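Report on one structure; see the data block that follows.
The values are calculated or read from the model by the stated rules, or taken from the named source; none is laboratory data. These numbers were taken from a predicted model, which means no experiment stands behind them. FYI the Cβ positions are ideal-geometry reconstructions off the backbone, even for glycines, and counts take in every protein chain you see. Just so you know, the surface numbers come from the protein's heavy atoms only, side chains and all, with ligands and any DNA or RNA stripped out. Shrake-Rupley method; radii C 1.70, N 1.55, O 1.52, S 1.80 Å.
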Amino acid sequence: MARRQQFIECPPERVWAVLADGHSYAEWVVATRDIEHVDPAWPAVGAELRYAVGLGPLTFRDSCTVRICEPGTRLELEAEASPFGAARIAFTLIPWGDNTLVLLDEHPLTGPGARLQGPPSELVLNLRNRRLLRNLAQVAVGQYGQRTVPPEQLHRP
């Protein structure tokens, strides 16, 4: 289990816009090399995102499925990362003045990560998720801070 938080200096609508844009995931999700498919319904419950993940010369084809979507406040994904198993990844956005506090909670569900839970695996997850949240903040403040997000994208079911 890995829990982290990140204070992001922009409103929750901008952070949600990044989460709601499946094509942006390669910009902020650690080790993601390429987005191969974004379900047109993303981030609706059941929508899927397929992507390539790389570790050195190795490339894996993975996917994640939306399990819970509360537009603007909460997104929970189930990531399938073969051969490593699956994990639940939950983002919660909390308005903090004109800014956002993002809570990230990740739990391995199946595979080696679920069987090897403990300080070593939690350390790796926490380091990865710290970087992921920092990347998310940079994209939300930078890229999305420079454009207007259509209202229909902010409130997708």
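Every residue, every condition in (1) surrounded by fewer than 16 Cβ atoms within 10 Å (Cβ to Cβ); (2) at pLDDT 95 or above; (3) touching a Cys at 6+ places or on another chain (Cβ under 6 Å), yes or no:
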position: T110; (1), (2), (3): yes, no, no
position: L116; (1), (2), (3): yes, no, no
position: S121; (1), (2), (3): no, no, no
position: V124; (1), (2), (3): yes, no, no
position: L127; (1), (2), (3): yes, no, no
position: R134; (1), (2), (3): yes, yes, no
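If I filter segment 1-48 down to residues being within 14 Å of V139 (Cβ to Cβ) and assigned to a strand (DSSP E or B), which single residue comes out as least open to solvent (accessible area, probe 1.4 Å)?
I8
Collect the residues in segment 49-72 that are farther than 26 Å from P11 by Cα and either open to solvent by less than 20 Å² (accessible area, probe 1.4 Å) or assigned to a strand (DSSP E or B) (or both), keeping them in residue-number order. Show your work before the answer.
Residues of segment 49-72 that are farther than 26 Å from P11 by Cα, as a first pass: 50-63.
Once the filter is applied, which keeps residues that are farther than 26 Å from P11 by Cα and either open to solvent by less than 20 Å² (accessible area, probe 1.4 Å) or assigned to a strand (DSSP E or B) (or both), segment 49-72 yields R50, Y51, A52, V53, G54, L55, L58, T59, F60, R61, D62, S63.
Just need a number here: residues in segment 22-77 that are among the charged types (D, E, K, R), within 19 Å of R88 (Cβ to Cβ) and in contact with a strand residue (DSSP E or B) (Cβ under 6 Å, 6 or more places away or on another chain).
Applying the first criterion (among the charged types (D, E, K, R)) to segment 22-77 yields 27, 33-34, 36, 39, 48, 50, 61-62, 67, 70, 74, 76.
Retained after the next criterion (residues that are within 19 Å of R88 (Cβ to Cβ)): 39, 48, 50, 62, 67, 70, 74, 76.
Among the residues that remain, those that are also in contact with a strand residue (DSSP E or B) (Cβ under 6 Å, 6 or more places away or on another chain) are: 39, 48, 50, 62, 67, 74, 76.
Selection size over segment 22-77: 7.
Out of V53, V29, V15, report the one residue that is β-branched (V, I, T) and more than 18 Å from R128 (Cα to Cα).
Working: V53 fails: more than 18 Å from R128 (Cα to Cα); V29 fails: more than 18 Å from R128 (Cα to Cα).
Only one candidate passes the filter, namely V15.
Which is part of a helix (DSSP H, G or I), among the hydrophobic types (A, V, I, L, M, F, W, C) and within 17 Å of Q5 (Cα to Cα), of L101, L75, L123?
On the way: L101 fails: part of a helix (DSSP H, G or I); L75 fails: part of a helix (DSSP H, G or I).
That would be L123, the only listed residue that is part of a helix (DSSP H, G or I), among the hydrophobic types (A, V, I, L, M, F, W, C) and within 17 Å of Q5 (Cα to Cα).
Can you work out which of the residues in segment 58-100 that are free of Cβ contacts under 8 Å to residues at least 24 places away in the same chain and of a type in the set (V, I, T) is nearest to A26 (Cα to Cα)?
So the residue we want is T65.
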